[in-house]
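Worksheet: the structure to be examined is printed underneath.
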Amino acid sequence: MKRQSPSAARSLNGLSVVVVEDETIIAMQLEDMLEDAGCRIVATAMRLRQAMALLDEDKAAGAAVLDVNLGDATVFPFAEGLQAAGIPIVFATGYGTAGVPDEWRRYPILQKPYTSAQIEAALLRVVFDERREDAGQVAAIRADRAD
């Protein structure tokens, strides 16, 4: 898996997103929320094994929304692969920050149930605020906020 380059505009329109969620209804709702925000779902996995297989695929992802607990496993091995590829991550869990180890708390953590607005805000944060300064976008965004 490789990282999709974010658009120059501060928008989720066209952002390719990977979803990892073990509850079918929640996964479907999340996909709907993401599509309503203009995102494109590139892959959905319900188990860690399925998610890990995505790392070997030649798909570009601009971000990932990851359920922390996947039945009898956690999503962190997959998150490590995404982190190594530079793909921004948003965690979703019913336990809030308490369900996420300290080393992963630099990423947004959404407590279930979450809203569309919370998903959109978290994705905007990781895609634009935490990205590398390679195109000067972060500096421009920070300058806009100072106004």
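Counted by neighbouring Cβ atoms within 10 Å, the residues 103, 23 run from fewest to most as 103, 23.
Less than 5 angstrom separates the built amide H of residue 15 from those of 40, all sequence-distant by 5 or more or on a different chain.
For residue 89, the residues 5 or more places off, or on other chains, whose built amide H falls under 5 Å of its own are 64. Residues whose amide H comes within less than 5 Å of that of residue 3, counting only those at least five positions distant or on another chain, are 61 (H built at 1.01 Å from N in the peptide plane). Pairs of Cα atoms nearer than 8 Å and 6+ residues apart set the relative contact order; for the stretch 13-146 it is 20 percent.
Here, each number is a calculation from the coordinates, and none is a lab measurement. Just so it is clear, the model here is predicted, and its values are computed rather than measured. Using ideal geometry, Cβ is built from the backbone for each residue, glycine included, and neighbour counts are taken over all protein chains shown.
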